[in-house]
There are 2 protein chains.
Amino acid sequence: MLKTDGDGPADAASRRDEGAVSRFVERFAAQLTDAGMQRMAARVFAQLLASDGGAMTSAELGEALRISPAAVSGAVSYLTQVHMVSREREPGSRRDRYVLHNELWYETFTRRDQVLTQWGKTLREGAAGLGAHSPAGARVAETAAFFEFMQGEMLGLMDRWRAHRATLDLG
Amino acid sequence: MLKTDGDGPADAASRRDEGAVSRFVERFAAQLTDAGMQRMAARVFAQLLASDGGAMTSAELGEALRISPAAVSGAVSYLTQVHMVSREREPGSRRDRYVLHNELWYETFTRRDQVLTQWGKTLREGAAGLGAHSPAGARVAETAAFFEFMQGEMLGLMDRWRAHRATLDLG
DNA sequence: CTCAAGCTTCACAAATTTGTGAAACCGCCG
DNA sequence: CGGCGGTTTCACAAATTTGTGAAGCTTGAG
């Protein structure tokens with residue numbers, strides 16, 4: 001055990017204010033949940049985001065969020081699936097550590113691309129089935145065009161983010 | 001009842017192939033559902049998208065999707081809430097028509113902006129609570145910066161979409 | 001080879017969500 | 001002002017989702 005789990009007074013600036021951390025985690029997780037993310041996945045993600053190393057073990061996550069190992073496992077396997085978190089074996093131990101990607105948002109949004117592709121495909125086929133000259137077909141085709149447009153813009157957008165990120169003064 | 005609901009052969013090109021419409025609607029709705037949208041709302045939205053006028057009455061939606069008036073009502077009130085659909089009173093009748101916005105994607109994505117603002121706020125506060133010079137604080141601040149960046153880009157992006165849209169040959 | 005830490009899987013119980021029928025409501029028509 | 005088409009609200013039943021405890025599996029350490 002690395003530290004007591006008490007919520008005792010923060011002894012000076014060196015210690016994290018766990019109360020504040022928890023409030024942030026729960027608040028942000030709730031917003032993600034509202035946006036459609038699974039609750040446990042959102043909480044685990046937010047907790048990782050608020051951790052100093054950007055990485056925690058299953059046990060640490062379980063304790064911080066007060067959830068069972070099973071819940072951690074489920075959340076992590078979802079986050080892994082969508083490539084927001086990766087699993088690392090901690091050398092010299094048999095624990096896994098769950099790690100945020102360092103280019104997190106770049107990766108995540110670039111990945112979204114594939115969802116857009118899938119949507120675009122469905123829409124193109126739908127438009128074809130409706131007949132390109134029917135009003136409905138035209139509307140569906142416009143929607144397809146929108147997602148294709150977004151896809152095209154995404155790369156440039158993410159590159160601009162990278163550039164912008166480099167100019168930030170973090171920490 | 002406007003027409004039989006059988007899946008008989010489409011009688012010539014003049015008639016919509018309702019089977020194809022339905023397949024498209026269900027497929028696209030499923031994808032939206034996977035992305036976090038309520039099922040009924042997704043189905044109603046997809047059905048409207050595939051309708052010739054971009055507008056349908058409650059009864060038409062109910063018949064096409066084989067759901068109750070109550071379900072239509074619920075779905076529509078959600079879609080109205082998020083400004084993807086608006087309600088119109090059909091003159092000379094006491095039916096409502098549910099109508100897609102014509103600048104649908106422009107509106108919808110511009111609206112998303114407000115979600116980003118909210119997230120950004122939570123993240124900024126979280127970063128402050130964590131301490132700007134702690135690694136965790138820096139990570140959260142970077143995330144806040146990302147959403148602020150996205151917000152800033154969104155306007156230009158949507159304007160480019162409008163311009164691009166104008167060049168499309170629809171129908 | 002054996003032990004044991006720790007992750008995952010399974011089956012289940014609880015909680016939430018979903019969609020329905022039925023009743024209430026609203027506004028127009030006669 | 002009574003009737004009626006149409007929509008919304010309500011309470012409930014069904015289905016899905018969620019999170020847990022406990023058992024099982026995997027793998028490193030000794």
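The values are calculated or read from the model by the stated rules, or taken from the named source; none is laboratory data. Since the structure is predicted, the reported quantities are computational estimates derived from the model, not experimental observations. Every residue, glycine among them, receives a Cβ derived from its backbone with ideal geometry; neighbour counts consider all protein chains shown. Remember, those area values only see protein heavy atoms, side chains included, never the ligands or the DNA or RNA. Shrake-Rupley method; radii C 1.70, N 1.55, O 1.52, S 1.80 Å.
Comment: the Cα-to-Cβ extended label point of A:E153, at 7 Å, lies 1.0 nm from its counterparts in the other copies, nearest first. Axis between A and B by rotation; chain A residue with nearest Cβ and distance in whole Å recorded as A:G36, 1.
When B:R23 is represented by a point 7 angstrom out along its Cα-to-C-beta vector, the spacings to that point in the other copies are 5.6 nm, nearest first.
Dimensions of chain A from C-alpha coordinates, computed as largest minus smallest value along each principal axis and given longest first, are 70, 39, 33 Å. Derived scalar couplings between HN and Hα for region A:78-91 equal 5, 4, 5, 3, 8, 6, 9, 9, 10, 9, 10, 7, 6, x Hz in order, rounded to whole Hz, by the Karplus curve 6.51 cos²θ - 1.76 cosθ + 1.60 (θ = phi - 60°), x for Gly and Pro. Computed on protein heavy atoms with a 1.4 Å probe, the accessible areas place B:D113, B:D159 in the order B:D159, B:D113, largest first. Here A:P91 yields copy-to-copy label distances, from shortest upward, of 7.7 nm, the label point defined as 7 Å from Cα along Cα to C-beta. Compared with the alpha-carbon gap, the fully stretched path from B:L170 to B:D113 is longer by 17.7 nm at 0.36 nm per residue.
Net charge dipole, the protein assembly as shown: roughly 300 debye, given to the nearest 20, about the Cα centre with Cβ charges of +1 for Lys and Arg and -1 for Asp and Glu.
Principal-axis analysis of the Cα atoms of chain B puts helix B:39-49 at an angle of about 60° to the longest axis.
Would you please classify the overall shape of the protein assembly as shown from the alpha carbon gyration tensor, given that a ≥ b ≥ c denote the square roots of the eigenvalues, rounded means a/c under 1.5, and beyond that prolate means a/b larger than b/c while oblate covers the rest? Judged from the Cα gyration tensor, the protein assembly as shown comes out prolate (a/c at least 1.5, a/b above b/c). Of the Cα atoms belonging to region B:18-100, the radius of gyration and Dmax stand at 11.9, 40 Å. For region B:104-166, the per residue solvent-accessible surface stands at 45 Å², with DNA, RNA and ligands left out and a 1.4 Å probe. Placing B:H101, A:H83, A:H133 in order of accessible area, with the largest value first and a 1.4 Å probe, yields A:H133, A:H83, B:H101.
Close amide H pairs (under 5 Å, H built 1.01 Å from N) link B:A35 with no residue at least 5 positions away or on another chain. Residues whose amide H lies under 5 Å from that of B:M56, counting only those 5 or more places away or on a different chain, are B:Y98; hydrogens are built 1.01 Å from N in the peptide plane.
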